[in-house]
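Reading through the structure tokens given below for one structure.
The values are calculated or read from the model by the stated rules, or taken from the named source; none is laboratory data. Predicted, not measured: the structure shown is a model, and the values here were computed from it. No Cβ is skipped: glycine too gets one built from the backbone with ideal geometry, and neighbour counts run over all protein chains shown. Remember, those area values only see protein heavy atoms, side chains included, never the ligands or the DNA or RNA. Shrake-Rupley method; radii C 1.70, N 1.55, O 1.52, S 1.80 Å.
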Amino acid sequence: MSTIRFLRTFLAVAHHGSFSEAAEQVALTQAAVSFQMRSLEAELGRELFDRSGRLAILNAAGRELLPEIKHLLDLYDRMRRPRTAPGELAGSVAVGSIVSCMGTLSKVVSGMKKQHPKLDVRILSGKASELAGKVEDGELDAAFLVEAGRKMASTRWTALYEEPLVVIAPHSAPGADAREVLAQNPFLRFDRTQRTGLQIDRLLRRLAVPLDEFLELNAIETLVELVRQEVGVTLLPLIHGSNWQHSAELRILTLPQDLGPMSRAIGMLERREHARQGITAAICEACAMAFRAREPQTAA
């Protein structure tokens, strides 16, 4: 089935924009990738790329074929799925997750694999924006991440839960409410290159509180540990199941109600049509049950 292999290589080149980077993904030499694309163009009777130096960008014909090739490969993968008894799950899927969902997802998948020996699930961690891109490009079947404002027609979103944004401070920090605590203590910021960091930044602008910014990190748990060590204060989502509000070392302060939406939504993103929807739906349902069992206490 050389044509199927060529089509998968085509998707890799379309995603990376170069034969050399696509070669690494599909475990071929650059010369082999170039040969496959020339052969595919000859078979389809049209050029698919605007070749310029080391780049290989889809031309109009390539862009037109891209969704059809994705659909064709999904159909082929669906045909190749092993026959299963009712209720049995079998086959391979790749699922992404942001760090805060990784523990629950891993535990759920581990249990499912014990119940379904023919099920093969590969889990990858990453930033929400990166994971969303991999889902859209077909590199991941689904991903558990933070909801984005922009919706893609090619993907489906299943909401799971929301995490309120709160100010977290050590008990020794001066200030009676969220605004005073932020204004009177060194501020530990969450990474603004991530969706949650951007949401926090927009919220801080609405608060209009002068900040004494000390550092910026992309690890939520590390920021909370620095707060415990009285390095400063931070503004973060109250992570599902974290129990920070029960810590004797931390103060959890709610934000003023006049700011509008103050939570981030967590859910599962997947392509609308793919060959492993039954498996991703089962994973999503099992995770939803696990998340509901760990509903956080309301911050005070």
Inset, instruction - Please go through the range 186-233 and pick out each residue that is in contact with a Lys or Arg (Cβ under 7 Å, 6 or more places away or on another chain) and either closer than 19 Å to Glu162 by Cα or crowded, with 20+ Cβ neighbours inside 10 Å (or both). - result: Gln194, Thr196, Leu198, Gln199, Asp201
Legend entry - the range 64-89 residues that are among the acidic types (Asp, Glu), paired with ones that are surrounded by 12 or more Cβ atoms within 10 Å (Cβ to Cβ) and at pLDDT below 80 (beta carbon under 8 Å, 6 or more apart): Asp74/Glu273; Asp74/His274; Asp74/Ala275; Asp77/His274; Asp77/Ala275
Inset, instruction - Enumerate the pairs (first residue in the range 242-257 and closer than 16 Å to Leu226 by Cβ; second residue anywhere and part of a helix (DSSP H, G or I) and among the polar types (S, T, N, Q)) with beta-carbon separation below 6 Å, excluding pairs fewer than 6 apart on the same chain, so at least 6 apart or on different chains. - result: Ile252/Gln245
Inset, instruction - May I ask you to list the residues in the range 118-135 that are assigned to a loop (DSSP other than H, G, I, E, B) and surrounded by 16 or more Cβ atoms within 10 Å (Cβ to Cβ)? - result: Gly126, Lys127
Legend entry - Matching residues in the range 146-155 - criterion: being open to solvent by less than 70 Å² (accessible area, probe 1.4 Å) and more than 15 Å from Glu130 (Cα to Cα): Ser154
Inset, instruction - Please state which of the following conditions Pro174 fails to meet, knowing it meets all the rest: (1) surrounded by fewer than 16 Cβ atoms within 10 Å (Cβ to Cβ); (2) touching a Leu at 6+ places or on another chain (Cβ under 8 Å). - result: (2)
Inset, instruction - Would you check if there is a residue in the range 225-248 being modelled with pLDDT of 95 or more and basic (Lys, Arg)? - result: yes
Inset, instruction - Could you give me the residue pairs with C-beta distances under 6 Å whose first residue belongs to the range 124-142 and is closer than 16 Å to Ser100 by Cβ and at pLDDT 90 or above, whose second residue is part of a helix (DSSP H, G or I) and open to solvent by less than 60 Å² (accessible area, probe 1.4 Å) wherever it lies, and which are 6+ apart or on separate chains? - result: Ser125/Met102; Ala128/Arg195
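Gly260: within 27 Å of Gly111 (Cβ to Cβ) and either of a type in the set (Val, Ile, Thr) or open to solvent by less than 80 Å² (accessible area, probe 1.4 Å) (or both), yes or no?
Details: within 27 Å of Gly111 (Cβ to Cβ): no; either of a type in the set (Val, Ile, Thr) or open to solvent by less than 80 Å² (accessible area, probe 1.4 Å) (or both): yes.
Criteria not met by Gly260.
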Legend entry - Every residue from the range 266-285 that is in contact (Cβ under 8 Å) with a residue 12 or more places away in the chain and in a helix (DSSP H, G or I): Gly278, Ile279, Thr280, Ala282, Ile283, Cys284
Legend entry - Count of residues meeting criterion [of a type in the set (Gly, Ala, Ser) and either part of a strand (DSSP E or B) or at pLDDT 95 or above (or both)] in the range 160-172: 1
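Restricting attention to the range 90-100, which residues are farther than 16 Å from Asn218 by Cβ and not hydroxyl-bearing (Ser, Thr, Tyr)? Steps first, answer last, please.
Within the range 90-100, the subset farther than 16 Å from Asn218 by Cβ is 90-96.
Answer for the range 90-100, where residues must be farther than 16 Å from Asn218 by Cβ and not hydroxyl-bearing (Ser, Thr, Tyr): Ala90, Gly91, Val93, Ala94, Val95, Gly96.
Yes or no, residue by residue, for (1) in a helix (DSSP H, G or I); (2) of a type in the set (Ser, Thr, Tyr):
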| site | (1), (2) |
| --- | --- |
| Ala183 | yes, no |
| Thr196 | yes, yes |
| Arg206 | yes, no |
| Val209 | no, no |
| Glu230 | no, no |
| Gly241 | no, no |
| Gln245 | yes, no |
| Ile252 | no, no |
| Arg264 | no, no |
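State all residues of the range 35-50 that are surrounded by fewer than 19 Cβ atoms within 10 Å (Cβ to Cβ) and either outside any loop (DSSP other than H, G, I, E, B) or touching a residue at least 12 places away in the same chain (Cβ under 8 Å) (or both); if no residue qualifies, say none. Don't jump to the end; show me each part of the working.
Initially, the range 35-50 is screened for residues surrounded by fewer than 19 Cβ atoms within 10 Å (Cβ to Cβ), giving 35, 38-39, 41-47, 50.
Passing the criteria: Phe35, Arg38, Ser39, Glu41, Ala42, Glu43, Leu44, Arg46, Glu47, Asp50.
Among the residues of the range 7-34 satisfying the criterion of being touching a residue at least 40 places away in the same chain (Cβ under 8 Å) and open to solvent by 70 Å² or more (accessible area, probe 1.4 Å), which is farthest from Gly133 (Cα to Cα)?
First, pick out the residues of the range 7-34 that are touching a residue at least 40 places away in the same chain (Cβ under 8 Å): 7-8, 10-11, 13-15, 17.
Checking the rest, the ones that are also open to solvent by 70 Å² or more (accessible area, probe 1.4 Å) come to 8, 15.
On the way: Arg8: 17, His15: 10 Å.
Checking each candidate, the answer is Arg8.
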Legend entry - Hey, Ala31 in contact with a helix residue (DSSP H, G or I) (Cβ under 6 Å, 6 or more places away or on another chain) and not acidic (Asp, Glu) or not: no
